[in-house]
1. Yes or no: the range B:381-402 includes at least one residue that is of a type outside the set (A, V, I, L, M, F, W, C), in contact (Cβ under 8 Å) with a residue 24 or more places away in the chain, over 17 Å from B:A81 (Cβ atoms) and in a strand (DSSP E or B).
2. With respect to A:S283, determine if the residue is at pLDDT 95 or above, surrounded by 17 or more Cβ atoms within 10 Å (Cβ to Cβ), of a type outside the set (A, V, I, L, M) and in contact with a strand residue (DSSP E or B) (Cβ under 6 Å, 6 or more places away or on another chain).
3. Do you know which residues across the range A:157-176 are under 14 Å from the mean Cα position of the chain (by Cα) and buried (at least 24 other Cβ atoms within 10 Å of the Cβ)?
4. Inside the range A:236-269, can you point out the residues that are part of a helix (DSSP H, G or I) and surrounded by fewer than 17 Cβ atoms within 10 Å (Cβ to Cβ)?
5. Hey, could you check the range A:1-40 for residues that are among the basic types (K, R) and in a loop (DSSP other than H, G, I, E, B) and say which is nearest to A:N128 (Cα to Cα)?
6. For the range B:1-100, which fully contained strands (runs of 3 or more DSSP E) count at least 1 residues that are under 30 Å from B:R152 (Cβ atoms) and either under 27 Å from the mean Cα position of the chain (by Cα) or not assigned by TED's automatic domain parsing to the domain that holds B:S114 (or both)?
7. Hey, could you check the range B:314-354 for residues that are touching a Phe, Trp or Tyr at 6+ places or on another chain (Cβ under 7 Å) and within 14 Å of chain A (Cβ to nearest Cβ) and say which is surrounded by the fewest Cβ atoms within 10 Å (Cβ to Cβ)?
8. Quick one: which residue in A:A294, A:A315 is surrounded by 22 or more Cβ atoms within 10 Å (Cβ to Cβ), in contact with a Phe, Trp or Tyr (Cβ under 6 Å, 6 or more places away or on another chain) and modelled with pLDDT of 95 or more?
Amino acid sequence: MLERLQHLLGIETLDREQITFILDQSKPFQEFQRHPLKKLATLRGKTVAVAFFEPSTRTRISFTTAAARLGADTMALQAESSSLKKGESLLDTIRTLEAMRPDGIVIRHSSSGAPEFVAARLEIPVLNAGDGTHEHPTQALLDALTIRDRKGKLDDWNVTILGDILHSRVARSNIHLLGKFGARITLCGPPMWVPRELDDLARGLRRTPRIEEALDGADVIIVLRVQTERIHEPALATEEYILGYQLTAERLRLARHDALVLHPGPMIRGLEIDSAVADGPQSGVLDQVTNGLAVRMALLYHLIGGAPVDAPHPAKERSNAAD
Amino acid sequence: MLLIKNGRVLDPATKTDAFFDVLFEGGRILKTGANLSAADAEVFDATGLIVAPGFIDLHCHLREPGQEMSETIETGTSAAARGGFTAVCCMPNTEPVNDSASVTRGIIERAAASTVRVWPIGAVSVGSRGEALAEIAAMKKAGIVAVSDDGRPVATARLLRQVMDYSNALDLPVIDHCEDPSLFAGGVMREGPRSIRLGLKGIPSQSESISVGRDVEVANLTGARLHIAHLSTFGSLEYVRFAKRMGLRVTCEVTPHHFTLIDEDVRYDTRYKMNPPLASRKDRDALLEGLADGSVDAIATDHAPHHPASKDVEFDHAPFGVTGFETALSLGLSELVHSGRLSLMRLVELFTTGPARVLGMERKIAAGEVADLTIFSVDQPWTFRAAESLSKSRNTPFDGRAFRGAAVATIVAGRIVFRR
């Protein structure tokens, strides 16, 4: 029996059934994005607090748009806001938000574990929109949806993750998720960013510092952004990174001919990825953005709407659309 | 006069393990022997209990002066007495830092009213900034028992050499908090599979052992006394063993949380955040071995109280440290003795003659000796509740833990200062 999720804190604690359920529920919302009237009344009267303690554009816009299309109102807190600059504690900030009675909270924070901290102290559902170098569960779910759509299934692919794995929450969530679906995962990047302790995250992980080896036979390639803001080590020269790890059209030919290329964005063209690849037919980058909306709508609907798991899907009922 | 009757006396200094009575008068032990009686003495019946020399804690933070939100000498020593400690050495990282005789005197004056002996440790360098030497001779006159820049390592090998030479002449040990700042680099827990999984910045164990290696070399250079604080890794312990084999005067302490918990226990709960961080299972097992084979000289709490609000934050932002006075003995009993790893005598040694030797002192139960005793039960069941702690702070991972054995009476200068 599928249990209703209370929070979405990470992928690690989810099972295959729960992940599949979220992806299935995202499907109708995906089609809904093409509808001329993109507004449902499903969460009308509900309020979602969108608390971004770390600067972000795309994830924040995606969540607020997802909430709006479900009919919910949002209240936003941003990293630049004054209470954070004045040194208010996380606890006081979230208690203040809670006093305005939101029905759920989406949180992005630079400290790993911050969403769990919030979930332990508030009564409302908490959605992790990325915490430190821990997890970014909605990214992994939208990546999974993109893989399932573009490649016909989610199970058993050869997946290569390229870049700064050590400092990437996207990598961790993807390793947890794809690992549960039998992926053979290869991690590749500058060796100091691909430590052996990563082996523990999923079964059959492979690490290599050589991109040619990592791309050989890959079905899915996830290119990570070089997270300059999170790197405490002496920085690697940009030219060195490009030389060793940029995904170029030429290197992409080492992978399977139909390999799918994903990137969580924001992309730095000419650094981790070449424009020819980013804009090429194998790129799933724009699908990822649209799928992000669908996944986040599904999560907001289930976590905040509180509907039973077997309720009829709101996006399938035309009568639900508000005018 | 106070007469302790019917107890099992364990005294590592004289290798005594026997049933006899102990009689005190005027803060000293008057006599020991079977079936003692004294007409006007208060009698404490220690039937079924262990009577040991008074416990000494080499490493704690009483937070006074300057951080009274977290602890005061009064609350800290009350918690220490409850844990069976008769004397505690407080680290100098207060506000201001204990780097001058006037701060030392202030601590000693404030401690005069407390029930447990307070032995301050002076700073190695002015403000513990790692530059100029603090006024160590003046502090020694005022009452310090050792020097340390605890909270951070002695900044350079050169400064360590200077302070070891200088303190040697004053007969004071140098206590070092060993870490390599460039490897530590903003880490919040031990580097390993668990830190990777949690996405918390890791500190490699070599951050500590590299620094211990440096210190042992400087001890070899100077011949002075060196004590390694809160040793937590296999590598560090091997350096200490090497130093001991070389005949150097190098000692070390291990904390109860490091011999009890490991990095796999860490979760997003700031009560598991301390420095050094909880070590790997392999390192912890090495500590257990060192505690058993004599490589480790003392158990020290590193009692580090922090005001609840300062700990109720994101893991990254919380200060390092856990409280430890009230759980140290019980953790020692459950993790080391009841588990069969250590004899009861060895455990008592780690709390008494071991730390005393680090300070160049003696501890024993004999006529004429100071009447500091710790009386404890090895099997009395109890549950530690942080809310009931006598410390001002609650930052302990052992809240709610069930134990067998605890201090039953703490006696300082012939007076019962705590009784369960």
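The values are calculated or read from the model by the stated rules, or taken from the named source; none is laboratory data. Just so it is clear, the structure is predicted and the values come from calculations on it, not from any experiment. Neighbour counts run over all protein chains shown; Cβ positions are idealised from the backbone, glycine included.
1. no
2. Answer is yes for this residue.
3. Once the filter is applied, which keeps residues that are under 14 Å from the mean Cα position of the chain (by Cα) and buried (at least 24 other Cβ atoms within 10 Å of the Cβ), the range A:157-176 yields A:S168, A:R169, A:V170, A:A171, A:R172, A:S173, A:N174, A:I175.
4. Across the range A:236-269, the qualifying residues are A:T238, A:E239, A:E240, A:I242, A:L243, A:G244, A:A249, A:E250.
5. So the residue we want is A:R4.
6. The qualifying strands (runs of 3 or more DSSP E) are B:55-60, B:85-90.
7. So the residue we want is B:E314.
8. Exactly one of A:A294, A:A315 is surrounded by 22 or more Cβ atoms within 10 Å (Cβ to Cβ), in contact with a Phe, Trp or Tyr (Cβ under 6 Å, 6 or more places away or on another chain) and modelled with pLDDT of 95 or more, namely A:A294.
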